[in-house]
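Visitor: After the structure tokens below, expect a handful of questions from me.
What follows draws every value from the coordinates through simple rules; no lab data is involved. This one's a predicted model, so the numbers in the text were calculated from it and none came from an experiment. Positions of Cβ are generated from backbone atoms using ideal geometry, with glycine treated the same way; all protein chains shown enter the neighbour counts.
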Amino acid sequence: MRESLRPKSKLDSETVRIELRVPGSWKSSGEVIDALNRVSGDYEIGPADSDAEGLFVHKTSGHEFEIWHTEHDDELIEIFKGLQHVPTDEELAEIEKHAVKIHLIGKGGSVENARAMMEAATALVRAGGAGVFIDSTTAAHGRTDWLALAEDAKPGGLYWAFIVVGGGEDEVFSTGMHCLGFRDAELPGPITDPNHAGFILHNFLGYVYQSGIEVKDGDALGGEEGPEYRAVYAACTRFLPGAPFYNPFGVYRLEKYDD
């Protein structure tokens with residue numbers, strides 16, 4: 001499989017994008033197509049009635065994704081080894097020996113778009129991909145973990161596929177909520193227990209994602225014992241516009257509640 005140049009994007013600069021990579025052992029484009037046809041007839045590379053290249057198309061819905069590939073990357077294995085849920089030994093061996101990485105770019109900015117992107121990546125995983133690395137969030141999953149999330153009948157599978165929380169003593173913050181169409185969140189320090197801080201952010205963002213209730217600027221957050229934080233709207237300044245992690249919807253800054 002010769003190196004494929006990244007196609008000129010059809011998405012304008014204002015479109016929220018989801019970018020991901022699927023490593024695999026495919027040796028040619030024909031091998032990818034044959035594998036896709038064996039596991040699913042739902043996708044094709046380029047519409048059947050045109051000469052278009054660089055498109056990965058879901059036949060029924062018409063969802064289109066930009067597709068291309070790059071060659072083996074020695075550093076990719078270290079990303080997967082460092083995950084909280086480390087892939088199986090077999091998956092790690094496949095990732096380490098991958099011949100190419102299939103890249104997909106599609107629209108984000110909504111749950112529907114993120115779900116379509118997840119399904120497209122799942123088709124490639126079922127066709128021989130060893131895992132998924134999401135450039136837009138830094139989330140990464142081995143094959144087994146990804147398929148479990150993709151097959152989750154509850155909304156949580158989509159959330160855990162995309163959202164990452166990280167940081168340190170100064171601050172804990174999330175990336176990836178723009179893929180689903182929501183603000184990210186950050187918890188200012190000092191952070192004495194990163195795991196607990198991460199739990200707070202995931203709990204809050206899960207509520208934002210699944211409740212259908214808008215959290216407004218200045219809303220108090222807390223439990224039975226009363227408010228503990230206040231959600232304050234802020235612009236995304238951690239990343240520059242156009243960067244994969246940049247969230248055009250902004251962020252929630254969870255500030256300590258003060259009567």
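Visitor: With springs only between Cα atoms under 10 Å, which of Asp193, Asp42, Asp152 fluctuates most in a Gaussian network model of the chain?
Guide: Result for the chain, Cα springs under 10 Å: Asp193 fluctuates most.
Visitor: On average over all directions, what projected area in square nanometres does the chain have, based on the convex hull of its Cα atoms? Before the final figure, lay out each step's value.
Guide: Details: hull surface 60.0 nm².
So the mean shadow area of the Cα hull is 15.0 nm².
Visitor: Treat every Asp and Glu Cβ in the chain as -1 and every Lys and Arg Cβ as +1, leave all other atoms uncharged, and give the resulting dipole magnitude about the Cα centre to the nearest 20 debye. Don't skip to the answer; put the middle values down first.
Guide: Working: 23 positive and 44 negative charges, 125 e Å.
Computed about the Cα centre, the dipole is about 600 debye.
Visitor: Let me have the 222 nm mean residue ellipticity of the chain computed from DSSP H runs of 4+ only, each contributing -39500 (n - 2.57), with the sum over all residues rounded to the nearest 500.
Guide: -9000 deg cm²/dmol
Visitor: Could you point to the residue in Ile79, Gly108, Gly226 farthest towards the positive end of the chain's charge dipole, with +1 and -1 charges on the Cβ of Lys/Arg and Asp/Glu respectively?
Guide: So the residue we want is Gly108.
Visitor: For a quick check of your reading of the filter: which GluC sites (Glu not before Pro) in segment 96-193 sit in a DSSP loop and have no more than 16 other Cβ atoms within 10 Å? Write out the running numbers ahead of the final one.
Guide: Working: sites: Glu96, Glu112, Glu119, Glu151, Glu169, Glu171, Glu186; in loops: Glu151, Glu169.
Passing both the DSSP loop test and the Cβ count: Glu151, Glu169.
Visitor: Taking 0.36 nm per residue of sequence separation and subtracting the Cα-Cα distance, how much length would be gained by fully extending the chain between Glu228 and Tyr257, in nm to one decimal?
Guide: Result for the pair: 9.9 nm of gain on full extension.
Visitor: Pick from Asp73, Asp184, Asp170 the residue whose mean-square fluctuation is largest in a GNM of the chain, springs joining Cα atoms under 10 Å.
Guide: Result: Asp170 has the largest fluctuation of those listed.
Visitor: Here is a further query. Within straight cross-link reach of Lys59, meaning Cα distance under 13 Å, which aspartates and glutamates are found once same-chain residues fewer than 8 apart are removed?
Guide: Within the straight-line cut-off, Lys59 pairs with Asp42, Glu44, Asp49, Glu119.
Visitor: Give the long-range amide H neighbours of Cys236: residues separated by 5 or more places, or on another chain, with amide H under 5 Å away, using H modelled in the peptide plane at 1.01 Å from N.
Guide: Gly250, Val251
Visitor: Separate question: Starting at the first residue of segment 214-219, write each ³J(HN,Hα) from the Karplus equation 6.51 cos²θ - 1.76 cosθ + 1.60 with θ = phi - 60°, in whole Hz, x for Gly and Pro.
Guide: Result, ordered by residue: 6, 8, 8, 4, x, 4 Hz.
Visitor: How high is the FRET efficiency between Glu214 and Glu119 when r is their beta carbon distance and R₀ equals 30 Å, given to the nearest 0.05?
Guide: 0.65
Visitor: With springs only between Cα atoms under 10 Å apart, run a GNM on the chain and tell me which of Glu75, Glu90, Glu66 wobbles the most.
Guide: Taking springs between Cα atoms under 10 Å, the residue moving most is Glu75.
Visitor: What size of dipole, in debye to the nearest 20, comes out for segment 165-256 about its Cα centre when the only charges are +1 on Lys and Arg C-beta atoms and -1 on Asp and Glu C-beta atoms?
Guide: The calculated dipole for segment 165-256 is roughly 340 debye.
Visitor: Would you please name the trypsin sites (Lys or Arg not before Pro) within segment 27-97 that are DSSP coil residues with at most 15 other C-beta atoms within 10 Å of their C-beta?
Guide: Sites meeting the loop and neighbour criteria: Lys27, Lys59, Lys97.
Visitor: Would you mind calculating the relative contact order of the chain from Cα pairs under 8 angstrom and at least 6 residues apart, reporting the percent as a whole number?
Guide: 17 percent
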